[in-house]
Amino acid sequence: MPLPAQVRILMSQHIGAPAKPVVKKGDAVCVGTLIGEAAGFVSANIHSSVSGTVSAVETFRLANGKTCDAVVIATDGKQTVDPAIQPPVVTDKASFLAAVRACGLVGLGGAGFPTDVKLQPKTPVDTLLINASECEVWLTSDTQEMLCCSDDIVRGIQAVLQYTGIPKCIIGIEKNKPECIDLLCAKTKDLSNVEVKPLPSVYGTGAELILIEKCLGREVPHGGLPADAGAIVMNVTSVSALGKYLATGMPVVERTITLDGDACAQPKNLVVPVGTAYEDIIAAVGIKDGVTLGKVVAGGAMMGPAVESLSYPTTKTTSGLILLSEAAAKPAPAQACIRCGRCIEYCPMGLAPVEVNAAYATRDVEELGKLHVDYCFNCGSCTFVCPAKRPCTQMMSLAKAYYLDQIKKGGNK
(Lines give C-alpha, C1' and ligand atoms only; values in the text may rest on other atoms or scores of the structure.)
Protein backbone atom coordinates (compact mmCIF):
# COMPACT_ATOMS: atom_id res chain seq x y z
CA MET A 1 0.00 0.00 0.00
CA PRO A 2 1.14 3.62 -0.33
CA LEU A 3 3.26 4.73 2.61
CA PRO A 4 1.15 6.59 5.22
CA ALA A 5 2.14 10.01 6.57
CA GLN A 6 2.58 8.53 10.04
CA VAL A 7 2.32 5.28 11.94
CA ARG A 8 1.34 4.67 15.56
CA ILE A 9 3.09 1.54 16.80
CA LEU A 10 1.62 0.04 19.96
CA MET A 11 3.89 -1.48 22.61
CA SER A 12 1.22 -4.09 23.36
CA GLN A 13 0.78 -6.27 20.28
CA HIS A 14 1.17 -9.63 21.94
CA ILE A 15 0.14 -11.80 24.87
CA GLY A 16 2.18 -10.92 27.95
CA ALA A 17 3.93 -7.82 29.21
CA PRO A 18 3.93 -4.78 26.89
CA ALA A 19 7.28 -3.78 25.43
CA LYS A 20 9.15 -0.85 26.98
CA PRO A 21 9.78 2.10 24.61
CA VAL A 22 13.50 2.70 23.99
CA VAL A 23 13.10 5.83 21.83
CA LYS A 24 11.94 9.36 22.61
CA LYS A 25 10.42 12.31 20.77
CA GLY A 26 12.78 13.67 18.13
CA ASP A 27 14.72 10.44 17.58
CA ALA A 28 15.41 9.41 13.99
CA VAL A 29 14.49 5.81 13.19
CA CYS A 30 14.85 3.51 10.20
CA VAL A 31 12.93 0.46 9.03
CA GLY A 32 13.79 -2.29 11.49
CA THR A 33 15.05 -0.04 14.30
CA LEU A 34 14.25 -1.40 17.76
CA ILE A 35 11.76 0.98 19.38
CA GLY A 36 10.29 -1.27 22.07
CA GLU A 37 12.16 -3.82 24.16
CA ALA A 38 10.55 -6.97 25.56
CA ALA A 39 9.74 -6.33 29.22
CA GLY A 40 9.63 -9.89 30.48
CA PHE A 41 9.92 -13.55 29.51
CA VAL A 42 6.45 -13.51 27.92
CA SER A 43 6.84 -10.35 25.88
CA ALA A 44 8.15 -9.31 22.45
CA ASN A 45 10.38 -6.71 20.86
CA ILE A 46 8.78 -4.01 18.68
CA HIS A 47 10.51 -2.46 15.66
CA SER A 48 9.85 0.55 13.48
CA SER A 49 8.02 -0.24 10.27
CA VAL A 50 9.06 3.03 8.61
CA SER A 51 11.93 5.49 8.46
CA GLY A 52 11.33 8.94 9.86
CA THR A 53 11.21 10.84 13.14
CA VAL A 54 9.53 9.96 16.41
CA SER A 55 6.90 12.65 16.92
CA ALA A 56 5.51 11.34 20.20
CA VAL A 57 5.63 8.57 22.78
CA GLU A 58 2.12 8.64 24.17
CA THR A 59 -0.45 6.66 26.10
CA PHE A 60 -2.98 4.88 23.91
CA ARG A 61 -6.25 3.28 24.98
CA LEU A 62 -6.73 -0.23 23.58
CA ALA A 63 -10.02 -1.73 22.44
CA ASN A 64 -10.31 -3.68 25.71
CA GLY A 65 -10.18 -0.46 27.75
CA LYS A 66 -6.62 -0.91 28.97
CA THR A 67 -3.83 1.50 28.04
CA CYS A 68 -0.32 1.05 26.71
CA ASP A 69 2.50 3.17 25.34
CA ALA A 70 2.54 3.95 21.63
CA VAL A 71 5.35 5.35 19.50
CA VAL A 72 4.15 7.77 16.81
CA ILE A 73 6.51 8.15 13.84
CA ALA A 74 6.26 10.73 11.06
CA THR A 75 7.45 9.01 7.90
CA ASP A 76 10.08 10.56 5.63
CA GLY A 77 9.04 8.59 2.56
CA LYS A 78 12.48 7.04 2.09
CA GLN A 79 12.01 3.71 3.91
CA THR A 80 15.69 3.64 4.79
CA VAL A 81 16.67 0.30 6.27
CA ASP A 82 18.51 0.34 9.60
CA PRO A 83 22.25 -0.27 8.94
CA ALA A 84 22.29 -2.83 11.77
CA ILE A 85 19.91 -5.14 9.90
CA GLN A 86 21.66 -8.35 8.89
CA PRO A 87 20.81 -12.06 8.97
CA PRO A 88 21.27 -13.56 12.45
CA VAL A 89 24.09 -15.99 13.14
CA VAL A 90 22.41 -19.20 14.24
CA THR A 91 24.50 -22.21 15.22
CA ASP A 92 22.50 -24.01 17.91
CA LYS A 93 19.20 -24.01 19.79
CA ALA A 94 20.19 -21.18 22.12
CA SER A 95 21.22 -18.83 19.31
CA PHE A 96 18.13 -19.81 17.33
CA LEU A 97 15.77 -18.96 20.19
CA ALA A 98 17.67 -15.72 20.76
CA ALA A 99 17.18 -14.82 17.10
CA VAL A 100 13.46 -15.58 17.27
CA ARG A 101 13.15 -13.37 20.33
CA ALA A 102 15.21 -10.58 18.77
CA CYS A 103 12.95 -10.30 15.71
CA GLY A 104 9.80 -9.85 17.81
CA LEU A 105 7.98 -12.79 16.24
CA VAL A 106 4.58 -13.62 17.73
CA GLY A 107 1.66 -15.74 16.57
CA LEU A 108 0.50 -13.87 13.48
CA GLY A 109 -2.70 -15.87 13.18
CA GLY A 110 -4.26 -13.63 15.81
CA ALA A 111 -3.24 -15.05 19.19
CA GLY A 112 -0.03 -13.04 19.40
CA PHE A 113 1.82 -15.44 21.72
CA PRO A 114 5.60 -14.82 21.65
CA THR A 115 7.10 -17.49 19.40
CA ASP A 116 10.37 -17.95 21.30
CA VAL A 117 8.36 -18.90 24.40
CA LYS A 118 6.18 -21.28 22.38
CA LEU A 119 9.29 -23.04 21.07
CA GLN A 120 10.39 -23.87 24.64
CA PRO A 121 7.66 -26.27 25.80
CA LYS A 122 7.90 -27.88 29.22
CA THR A 123 6.93 -31.29 27.82
CA PRO A 124 8.47 -33.20 24.87
CA VAL A 125 6.76 -32.75 21.49
CA ASP A 126 7.06 -34.85 18.36
CA THR A 127 5.26 -32.68 15.79
CA LEU A 128 5.48 -29.15 14.49
CA LEU A 129 1.99 -28.43 13.21
CA ILE A 130 1.66 -25.57 10.70
CA ASN A 131 -1.81 -24.02 10.74
CA ALA A 132 -2.48 -23.13 7.10
CA SER A 133 -6.19 -23.91 7.12
CA GLU A 134 -7.38 -20.27 7.05
CA CYS A 135 -11.02 -21.14 7.57
CA GLU A 136 -12.18 -17.61 8.49
CA VAL A 137 -14.73 -16.01 6.18
CA TRP A 138 -13.24 -13.58 3.61
CA LEU A 139 -9.65 -13.83 4.85
CA THR A 140 -7.08 -14.83 2.21
CA SER A 141 -3.87 -13.34 3.61
CA ASP A 142 -2.45 -16.73 4.64
CA THR A 143 -3.32 -18.10 1.20
CA GLN A 144 -1.48 -15.19 -0.40
CA GLU A 145 1.51 -15.87 1.86
CA MET A 146 1.63 -19.51 0.78
CA LEU A 147 1.43 -18.66 -2.92
CA CYS A 148 4.02 -15.87 -2.79
CA CYS A 149 6.40 -16.92 -0.01
CA SER A 150 6.56 -20.72 -0.07
CA ASP A 151 10.38 -20.75 0.07
CA ASP A 152 10.30 -18.64 3.23
CA ILE A 153 7.77 -21.04 4.77
CA VAL A 154 9.95 -24.07 4.05
CA ARG A 155 13.06 -22.27 5.34
CA GLY A 156 11.29 -21.42 8.58
CA ILE A 157 10.02 -24.97 9.04
CA GLN A 158 13.44 -26.48 8.45
CA ALA A 159 15.03 -24.11 10.97
CA VAL A 160 12.49 -24.96 13.68
CA LEU A 161 12.95 -28.70 13.13
CA GLN A 162 16.74 -28.45 13.02
CA TYR A 163 17.29 -26.34 16.11
CA THR A 164 14.49 -27.56 18.39
CA GLY A 165 14.92 -31.26 17.62
CA ILE A 166 11.26 -31.79 16.72
CA PRO A 167 11.33 -34.84 14.42
CA LYS A 168 8.52 -34.03 11.98
CA CYS A 169 6.22 -31.36 10.61
CA ILE A 170 2.67 -31.47 9.27
CA ILE A 171 1.27 -28.59 7.22
CA GLY A 172 -2.52 -28.59 7.50
CA ILE A 173 -4.29 -26.90 4.57
CA GLU A 174 -8.02 -26.93 3.81
CA LYS A 175 -8.94 -28.62 0.53
CA ASN A 176 -10.44 -25.41 -0.87
CA LYS A 177 -6.87 -24.19 -1.45
CA PRO A 178 -5.62 -26.71 -4.05
CA GLU A 179 -2.99 -24.32 -5.45
CA CYS A 180 -1.42 -24.00 -1.99
CA ILE A 181 -1.51 -27.76 -1.44
CA ASP A 182 0.13 -28.46 -4.80
CA LEU A 183 2.79 -25.78 -4.34
CA LEU A 184 3.84 -26.82 -0.85
CA CYS A 185 3.77 -30.50 -1.82
CA ALA A 186 6.20 -29.66 -4.61
CA LYS A 187 8.39 -27.58 -2.31
CA THR A 188 8.60 -30.31 0.35
CA LYS A 189 8.69 -33.45 -1.83
CA ASP A 190 12.33 -34.10 -0.93
CA LEU A 191 11.84 -33.51 2.80
CA SER A 192 10.96 -36.83 4.42
CA ASN A 193 10.07 -35.19 7.74
CA VAL A 194 7.54 -32.71 6.30
CA GLU A 195 4.01 -33.72 5.30
CA VAL A 196 1.30 -31.63 3.65
CA LYS A 197 -2.08 -32.77 4.94
CA PRO A 198 -5.27 -31.69 3.10
CA LEU A 199 -8.07 -30.99 5.57
CA PRO A 200 -11.87 -30.84 5.20
CA SER A 201 -13.06 -27.39 4.18
CA VAL A 202 -15.18 -26.86 7.28
CA TYR A 203 -15.38 -23.69 9.35
CA GLY A 204 -13.55 -24.09 12.65
CA THR A 205 -10.81 -26.39 11.36
CA GLY A 206 -8.21 -23.71 12.08
CA ALA A 207 -8.81 -23.76 15.84
CA GLU A 208 -5.77 -25.28 17.55
CA LEU A 209 -7.61 -28.04 19.40
CA ILE A 210 -9.54 -29.07 16.28
CA LEU A 211 -6.45 -28.87 14.05
CA ILE A 212 -4.54 -31.17 16.38
CA GLU A 213 -7.39 -33.68 16.37
CA LYS A 214 -7.72 -33.57 12.56
CA CYS A 215 -3.98 -33.87 11.88
CA LEU A 216 -2.79 -36.11 14.71
CA GLY A 217 -5.90 -37.80 16.06
CA ARG A 218 -5.03 -36.55 19.53
CA GLU A 219 -7.02 -34.63 22.13
CA VAL A 220 -5.52 -31.83 24.18
CA PRO A 221 -6.31 -32.45 27.88
CA HIS A 222 -8.88 -30.11 29.39
CA GLY A 223 -7.06 -26.95 30.42
CA GLY A 224 -3.90 -28.11 28.70
CA LEU A 225 -1.72 -26.76 25.90
CA PRO A 226 -0.95 -28.23 22.45
CA ALA A 227 2.41 -29.38 23.85
CA ASP A 228 0.46 -31.67 26.22
CA ALA A 229 -0.70 -33.50 23.07
CA GLY A 230 2.84 -33.62 21.68
CA ALA A 231 2.52 -30.70 19.26
CA ILE A 232 3.62 -27.11 18.74
CA VAL A 233 1.25 -25.16 16.48
CA MET A 234 2.53 -22.27 14.37
CA ASN A 235 0.53 -20.15 11.95
CA VAL A 236 1.80 -20.38 8.37
CA THR A 237 2.45 -16.63 8.14
CA SER A 238 4.40 -16.81 11.41
CA VAL A 239 6.74 -19.48 10.09
CA SER A 240 7.05 -17.53 6.83
CA ALA A 241 8.07 -14.41 8.77
CA LEU A 242 10.67 -16.50 10.57
CA GLY A 243 12.05 -17.74 7.26
CA LYS A 244 12.32 -14.17 5.99
CA TYR A 245 14.10 -13.00 9.12
CA LEU A 246 16.66 -15.80 8.96
CA ALA A 247 17.44 -14.88 5.35
CA THR A 248 17.43 -11.08 5.61
CA GLY A 249 17.59 -10.05 9.26
CA MET A 250 14.48 -7.88 8.86
CA PRO A 251 12.24 -8.24 11.94
CA VAL A 252 8.44 -8.25 11.88
CA VAL A 253 7.60 -4.75 10.58
CA GLU A 254 4.86 -5.43 8.05
CA ARG A 255 2.24 -8.01 7.18
CA THR A 256 -0.26 -8.94 4.52
CA ILE A 257 -3.82 -7.85 5.31
CA THR A 258 -7.03 -8.83 3.50
CA LEU A 259 -9.39 -6.01 2.51
CA ASP A 260 -12.85 -7.27 1.59
CA GLY A 261 -16.56 -6.95 2.35
CA ASP A 262 -19.62 -5.75 0.49
CA ALA A 263 -18.58 -2.08 0.87
CA CYS A 264 -15.00 -2.57 -0.37
CA ALA A 265 -14.40 -1.06 -3.82
CA GLN A 266 -11.21 -3.02 -4.56
CA PRO A 267 -11.00 -6.25 -2.55
CA LYS A 268 -7.36 -7.29 -2.34
CA ASN A 269 -4.48 -8.27 -0.10
CA LEU A 270 -2.16 -5.40 0.85
CA VAL A 271 1.28 -5.46 2.43
CA VAL A 272 0.89 -2.95 5.27
CA PRO A 273 3.48 -1.41 7.64
CA VAL A 274 2.68 -2.23 11.27
CA GLY A 275 1.09 0.80 12.93
CA THR A 276 -0.83 2.05 9.90
CA ALA A 277 -4.21 3.58 10.75
CA TYR A 278 -7.25 1.69 9.47
CA GLU A 279 -8.43 4.82 7.66
CA ASP A 280 -5.22 4.96 5.61
CA ILE A 281 -5.64 1.33 4.56
CA ILE A 282 -9.28 1.82 3.64
CA ALA A 283 -8.31 4.86 1.56
CA ALA A 284 -6.00 2.60 -0.46
CA VAL A 285 -8.89 0.35 -1.56
CA GLY A 286 -11.82 2.78 -1.44
CA ILE A 287 -15.52 2.42 -0.69
CA LYS A 288 -17.99 1.47 -3.42
CA ASP A 289 -19.82 4.37 -5.06
CA GLY A 290 -23.21 4.98 -3.48
CA VAL A 291 -22.44 2.76 -0.49
CA THR A 292 -22.25 4.07 3.07
CA LEU A 293 -19.73 2.34 5.29
CA GLY A 294 -21.64 0.91 8.24
CA LYS A 295 -19.08 -1.17 10.10
CA VAL A 296 -15.45 -2.24 9.91
CA VAL A 297 -14.48 -5.61 11.36
CA ALA A 298 -10.84 -6.23 12.28
CA GLY A 299 -10.02 -9.83 11.38
CA GLY A 300 -12.43 -12.33 9.91
CA ALA A 301 -16.14 -11.75 9.53
CA MET A 302 -17.04 -14.48 12.04
CA MET A 303 -14.56 -13.82 14.85
CA GLY A 304 -13.31 -10.27 14.31
CA PRO A 305 -14.47 -7.47 16.59
CA ALA A 306 -16.13 -4.34 15.24
CA VAL A 307 -13.81 -1.35 15.13
CA GLU A 308 -14.64 1.63 17.34
CA SER A 309 -12.45 4.14 15.49
CA LEU A 310 -10.75 4.14 12.09
CA SER A 311 -7.77 5.90 13.66
CA TYR A 312 -6.88 2.63 15.42
CA PRO A 313 -3.55 1.25 14.15
CA THR A 314 -2.77 -2.19 12.77
CA THR A 315 -0.64 -4.55 14.82
CA LYS A 316 1.37 -7.66 14.01
CA THR A 317 -1.77 -9.76 14.49
CA THR A 318 -4.09 -7.76 12.19
CA SER A 319 -5.04 -10.21 9.43
CA GLY A 320 -7.85 -8.33 7.69
CA LEU A 321 -10.33 -5.49 7.59
CA ILE A 322 -13.86 -6.35 6.50
CA LEU A 323 -15.78 -3.32 5.22
CA LEU A 324 -19.53 -3.71 5.63
CA SER A 325 -22.28 -1.51 4.26
CA GLU A 326 -24.96 -0.09 6.53
CA ALA A 327 -27.39 -2.74 5.30
CA ALA A 328 -25.00 -5.61 6.01
CA ALA A 329 -23.94 -4.18 9.36
CA LYS A 330 -27.45 -3.80 10.78
CA PRO A 331 -28.15 -6.68 13.17
CA ALA A 332 -31.43 -8.55 12.88
CA PRO A 333 -33.79 -8.10 15.86
CA ALA A 334 -33.30 -10.86 18.42
CA GLN A 335 -36.23 -13.12 19.32
CA ALA A 336 -36.81 -15.49 22.22
CA CYS A 337 -34.85 -18.76 22.20
CA ILE A 338 -36.95 -21.55 20.67
CA ARG A 339 -34.61 -24.29 22.02
CA CYS A 340 -34.09 -25.77 18.57
CA GLY A 341 -30.59 -26.97 19.46
CA ARG A 342 -28.86 -25.62 16.36
CA CYS A 343 -26.24 -23.84 18.47
CA ILE A 344 -25.35 -27.21 19.99
CA GLU A 345 -25.40 -29.03 16.65
CA TYR A 346 -23.04 -26.59 14.94
CA CYS A 347 -20.60 -25.82 17.78
CA PRO A 348 -17.21 -27.20 16.64
CA MET A 349 -16.26 -27.84 20.27
CA GLY A 350 -19.48 -29.70 21.10
CA LEU A 351 -20.65 -27.11 23.63
CA ALA A 352 -24.23 -26.20 24.56
CA PRO A 353 -24.57 -22.39 24.29
CA VAL A 354 -28.24 -22.42 25.31
CA GLU A 355 -27.38 -24.24 28.55
CA VAL A 356 -24.31 -22.07 29.13
CA ASN A 357 -26.50 -18.98 28.87
CA ALA A 358 -28.89 -20.37 31.47
CA ALA A 359 -26.03 -21.17 33.86
CA TYR A 360 -24.52 -17.73 33.35
CA ALA A 361 -27.86 -16.04 34.03
CA THR A 362 -27.80 -17.56 37.54
CA ARG A 363 -24.00 -17.11 37.87
CA ASP A 364 -23.63 -20.86 38.50
CA VAL A 365 -19.85 -21.30 38.37
CA GLU A 366 -19.98 -25.04 39.01
CA GLU A 367 -22.43 -25.62 36.16
CA LEU A 368 -20.39 -23.44 33.79
CA GLY A 369 -17.41 -25.65 34.59
CA LYS A 370 -19.39 -28.82 33.89
CA LEU A 371 -20.45 -27.30 30.55
CA HIS A 372 -16.77 -26.55 29.72
CA VAL A 373 -17.46 -22.94 28.82
CA ASP A 374 -13.69 -22.34 28.81
CA TYR A 375 -13.44 -24.40 25.60
CA CYS A 376 -15.31 -21.71 23.65
CA PHE A 377 -13.03 -19.86 21.21
CA ASN A 378 -15.66 -17.38 20.01
CA CYS A 379 -15.94 -18.81 16.49
CA GLY A 380 -19.38 -17.23 16.00
CA SER A 381 -21.07 -20.38 14.68
CA CYS A 382 -23.83 -20.34 17.31
CA THR A 383 -24.87 -16.80 16.46
CA PHE A 384 -24.68 -17.48 12.74
CA VAL A 385 -27.04 -20.50 12.82
CA CYS A 386 -29.49 -19.22 15.44
CA PRO A 387 -32.91 -18.81 13.78
CA ALA A 388 -33.94 -16.44 16.60
CA LYS A 389 -30.92 -14.21 15.79
CA ARG A 390 -29.77 -14.22 19.39
CA PRO A 391 -26.26 -12.92 20.20
CA CYS A 392 -25.15 -16.36 21.37
CA THR A 393 -21.43 -15.76 20.80
CA GLN A 394 -21.43 -12.59 22.87
CA MET A 395 -23.26 -14.40 25.67
CA MET A 396 -20.71 -17.23 25.52
CA SER A 397 -17.88 -14.69 25.75
CA LEU A 398 -19.41 -13.09 28.84
CA ALA A 399 -19.99 -16.48 30.46
CA LYS A 400 -16.43 -17.61 29.73
CA ALA A 401 -14.93 -14.39 31.10
CA TYR A 402 -17.06 -14.64 34.23
CA TYR A 403 -16.15 -18.30 34.78
CA LEU A 404 -12.40 -17.78 34.32
CA ASP A 405 -12.48 -14.75 36.63
CA GLN A 406 -14.26 -16.75 39.34
CA ILE A 407 -11.80 -19.63 38.98
CA LYS A 408 -8.93 -17.20 39.28
CA LYS A 409 -10.48 -15.95 42.52
CA GLY A 410 -10.73 -19.50 43.80
CA GLY A 411 -14.30 -20.36 42.89
CA ASN A 412 -15.67 -23.82 42.08
CA LYS A 413 -14.08 -25.61 39.11
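The values are calculated or read from the model by the stated rules, or taken from the named source; none is laboratory data. Given the structure is predicted, the values throughout are model-derived calculations rather than measurements. For neighbour counting, all protein chains shown are included, and Cβ atoms are generated from backbone atoms with ideal geometry for every residue, glycine included. To get the accessible areas, we keep the full protein, side chains included, count just its heavy atoms, and leave off ligands, DNA and RNA. Shrake-Rupley method; radii C 1.70, N 1.55, O 1.52, S 1.80 Å.
Between Glu37 and Cys337, what is 0.36 nm times their sequence separation minus the Cα-Cα distance? Round to one decimal in nm.
Details: separation 300, 0.36 × 300 = 108.00 nm, distance 4.94 nm.
Extending this stretch completely gives an extra 103.1 nm.
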Spelling it out for Gly320: with amide H atoms placed in the peptide plane at 1.01 Å from N, the residues 5 or more places away or on another chain with amide H under 5 Å from its amide H are Thr258, Gly299
Of the candidates Leu211, Leu246, Gly320, the farthest towards the positive dipole end of the chain (Lys/Arg Cβ +1, Asp/Glu Cβ -1, centred on the Cα centre) is Leu211
So, with points 7 Å from each Cα along the Cβ direction, the Lys370-Lys330 label distance in nm works out to 4.3
Scalar couplings 3J(HN,Hα) for the stretch 189-195 by Karplus 6.51 cos²θ - 1.76 cosθ + 1.60 (θ = phi - 60°), nearest whole Hz, x for Gly and Pro, are 4, 9, 9, 5, 9, 10, 10
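Once the piece of chain linking Glu195 and Ala283 is laid out straight, how much longer is it, given 0.36 nm per residue of separation minus the C-alpha distance between them? Mind showing how you got there, number by number?
Details: separation 88, 0.36 × 88 = 31.68 nm, distance 4.07 nm.
In short, 27.6 nm is gained.
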Dipole check, the stretch 38-176, charges on Cβ (K,R +1; D,E -1), about Cα centroid: among Pro87, Ala70, Pro167 the Cα furthest to the positive pole belongs to Pro167
Along the stretch 334-340, Karplus-curve 3J(HN,Hα) (6.51, -1.76, 1.60; θ = phi - 60°) to the nearest Hz, with x for Gly and Pro, reads 7, 10, 5, 5, 9, 6, 7
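Please state the charge dipole magnitude for the chain, taken about the Cα centre, from unit charges on C-beta atoms (+1 on K and R, -1 on D and E), reported in debye and rounded to the nearest 20. Please list the in-between numbers first.
Numbers: 37 positive and 39 negative charges, 121 e Å.
The calculated dipole for the chain is roughly 580 debye.
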Measuring from its Cα centre, the stretch 22-151 shows a charge dipole (+1 at each Lys and Arg Cβ, -1 at each Asp and Glu Cβ) which, in debye to the nearest 20, is 440
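To the nearest 20 debye, what is the magnitude of the charge dipole of the stretch 181-232 about its Cα centre, counting +1 on the Cβ of each Lys and Arg and -1 on the Cβ of each Asp and Glu? Walk me through the intermediate numbers first.
Working: 5 positive and 7 negative charges, 27 e Å.
Result for the stretch 181-232 is approximately 140 debye, rounded to the nearest 20.
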Inter-part gap, Cα centre of the stretch 190-217 to Cα centre of the stretch 127-187, in whole angstrom, is 10
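Once neighbouring chains are kept in place and the probe is 1.4 Å, which whole percent of the accessible area of the stretch 100-199 is contributed by carbon and sulfur?
Values: 2070 of 4030 Å².
So the carbon and sulfur contribution to the accessible surface is 51 percent.
Only Cα pairs under 8 Å and at least 6 apart count here; give the relative contact order of the chain as a rounded whole percent.
Values: 896 pairs, mean separation 60.7, N = 413.
Averaging sequence separation for qualifying contacts and normalising by length gives 15 percent for the chain.
Under the rule a/c < 1.5 gives rounded, and otherwise a/b versus b/c splits prolate from oblate, where does the stretch 125-263 land using the Cα gyration tensor?
It comes out rounded by the Cα gyration axes.
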For Glu195, other-chain or 5+-apart residues with amide H closer than 5 Å (H placed, Pro excluded) are Cys169, Ile170, Ile171
Taking a probe of 1.4 Å and leaving out DNA, RNA and ligands, the chain shows per residue an accessible area in Å² of 45
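Per DSSP helix of 4 or more residues, -39500 (n - 2.57); summed, then divided by the residues of the chain. What does that give at 222 nm, rounded to the nearest 500?
Values: 14 runs with 123 residues, N = 413.
Estimated from H runs of four or more residues: -8500 deg cm²/dmol.
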Mean-square fluctuation maximum in Gaussian network of the chain, Cα pairs under 10 Å, restricted to Ala399, Ala44, Ala358, hits Ala358
Listed residues Phe41, Phe113, Phe60; largest mean-square fluctuation, Gaussian network over the chain with Cα springs below 10 Å, found at Phe41
Taking the alpha-carbon centre of each part, the distance from the stretch 1-48 to the stretch 89-111 in Å is 16
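Taking a ≥ b ≥ c as the square roots of the Cα gyration tensor eigenvalues, with a/c under 1.5 meaning rounded and otherwise prolate when a/b beats b/c, else oblate, which class fits the stretch 33-104? Could the numbers behind the result be given before it?
Numbers: a/c = 3.58, a/b = 1.28, b/c = 2.81.
In terms of gyration-tensor shape, oblate.
Does the stretch 74-170 come out rounded, prolate or oblate, given a ≥ b ≥ c as the square roots of the eigenvalues of its C-alpha gyration tensor, rounded meaning a/c under 1.5 and, failing that, prolate meaning a/b above b/c?
Verdict is oblate for the stretch 74-170.
Please work out how much length the chain gains when fully extended from Arg218 to Lys20, using 0.36 nm per residue of separation minus the C-alpha to C-alpha distance, in nm with one decimal.
On the way: separation 198, 0.36 × 198 = 71.28 nm, distance 3.91 nm.
Value of the extension gain: 67.4 nm.
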